[in-house]
Amino acid sequence: VRYYNSSYNEALLFYEKSLLCDNNYTAALQGKGSTYMKMKEWSKAIDCFNEALRLDNNFSYALFDKAVTYINLKKYEDASNHFAEFIDKFPKDMMIVNAWVYKAYSENYLKKYDDALESCKNALDLAMENTNKMTDKDTVWILEFIFQEKGKSFENLEQYADAINCYKKITGDSNYGWALGRIIKCLGKLGKISEQKVYRDKLNEFDSKKAN
C-alpha cells in the first residue's frame with residue numbers, strides 16, 4: 001500500500017524497516033526493488049532482485065522485474081535470457097503472457113525477428129486461453145502489445161502486408177498514432193500511394209483531435 005500511495009522515499013524507508021526486522025523478508029526486497037524501478041535506479045533495483053532470488057530462487061515476481069529492469073538498461077540479451085528463464089520455470093504464472101511478449105520486444109531489438117515472431121505466437125496463444133482471467137483493460141493492452149511486436153518483426157523482415165494487418169489491430173489512443181505511422185510507411189514500401197493517403201488523413205485527424 002505504501003508503495004503505491006506514498007512517496008518513493010517513504011516506501012523505501014518502510015521496506016528498510018521491514019528488512020531490519022527480518023533481513024530474509026523477500027517480499028520487502030521485491031518491494032524495495034520495484035520502488036527503485038519507479039525511481040529509475042536500475043542497478044539498485046537489480047541488487048534487490050538478486051538478493052530476493054538468492055533467498056528464494058522460485059520468487060517469480062523478482063525474476064520478472066529483474067528481466068524488465070534489463071530492458072530499461074537496454075541490455076536486451078540479458079533481458080531475453082531472463083524472460084526465457086522465467087518462461088521455463090513458471091509456465092503457469094499469471095505473468096507468462098507478459099513474459100513472452102517482453103521476450104519478443106527484446107528479440108526485436110536484437111534483430112532476432114523470427115524468434116520474436118515465435119514469441120509473439122506463444123504470447124497470443126496463451127492470451128487467448130487466459131482472457132477470462134484478465135480484466136478487459138489488461139486484455140486490450142497485452143493484445144495490442146503483442147500485435148505491436150509482431151508487426152515490427154514482419155516489417156523488419158520486409159513482410160509489409162503482414163505488418164500492416166498487425167498494426168491495424170492497434171486502436172487504443174496511446175499507440176494508435178504510432179500504428180498509423182507504421183501503416184503509412186509500410187504502404188509506401190508496397191507502392192500503395194492512394195491507400196497511403198487515406199491513412200495520412202486518418203493520422204492528421206487523430207493528431208488534430210489530440211491537439212484539441
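Listed by position, the helices (runs of 4 or more DSSP H) enclosed by the stretch 93-167 that each have at least 1 residues that are among the charged types (D, E, K, R), open to solvent by less than 30 Å² (accessible area, probe 1.4 Å) and touching a Ser or Thr at 6+ places or on another chain (Cβ under 7 Å) are 96-109. Flag not set for Leu73, criterion: in contact with a His (Cβ under 8 Å, 6 or more places away or on another chain), open to solvent by less than 60 Å² (accessible area, probe 1.4 Å) and not small (Gly, Ala, Ser).
Yes/no matrix, rows are residues, columns are (1) more than 26 Å from Ser119 (Cα to Cα); (2) more than 17 Å from the chain's Cα centre (by Cα):
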| site | (1), (2) |
| --- | --- |
| Ser153 | no, no |
| Ile164 | no, yes |
| Gly172 | no, no |
| Gly181 | no, yes |
| Cys186 | no, yes |
| Leu190 | yes, yes |
| Leu203 | yes, yes |
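Among residues of the stretch 168-212 being assigned to a helix (DSSP H, G or I) and of a type in the set (Val, Ile, Thr), the one that is surrounded by the most Cβ atoms within 10 Å (Cβ to Cβ) is Ile183. Under 6 Å between Cβ atoms, at least 6 apart or on separate chains: pull out the pairs that start in the stretch 110-129 with a residue that is charged (D, E, K, R) and end on any residue that is in a helix (DSSP H, G or I) and at pLDDT 95 or above. Listed by first residue and then by second, the contacts come to Asp115/Glu107.
The single condition from (1) modelled with pLDDT of 95 or more; (2) hydrophobic (A, V, I, L, M, F, W, C); (3) exposed (fewer than 14 other Cβ atoms within 10 Å of the Cβ) that Phe49 fails is (3).
Taken together, the residues in the stretch 13-47 that are outside any loop (DSSP other than H, G, I, E, B), within 21 Å of the chain's Cα centre (by Cα) and of a type in the set (A, V, I, L, M, F, W, C) amount to 4. Checking each residue in the stretch 151-178 for being under 12 Å from Lys189 (Cα atoms) and of a type in the set (Ser, Thr, Tyr) picks out only Tyr160.
When Met94 is tested against (1) out of contact with any Phe, Trp or Tyr (no Cβ under 9 Å at 6 or more places or on another chain); (2) modelled with pLDDT of 95 or more, just one condition goes unmet, and that condition is (2).
The values are calculated or read from the model by the stated rules, or taken from the named source; none is laboratory data. Since the model is a prediction, treat every value here as computed from it, not as a measurement. Note that each Cβ is placed from the backbone with ideal geometry, even for glycine, and that neighbours are counted across all protein chains shown. When the accessible area is computed, the model is the full protein with side chains, heavy atoms only, and any ligands, DNA or RNA have been set aside. Shrake-Rupley method; radii C 1.70, N 1.55, O 1.52, S 1.80 Å.
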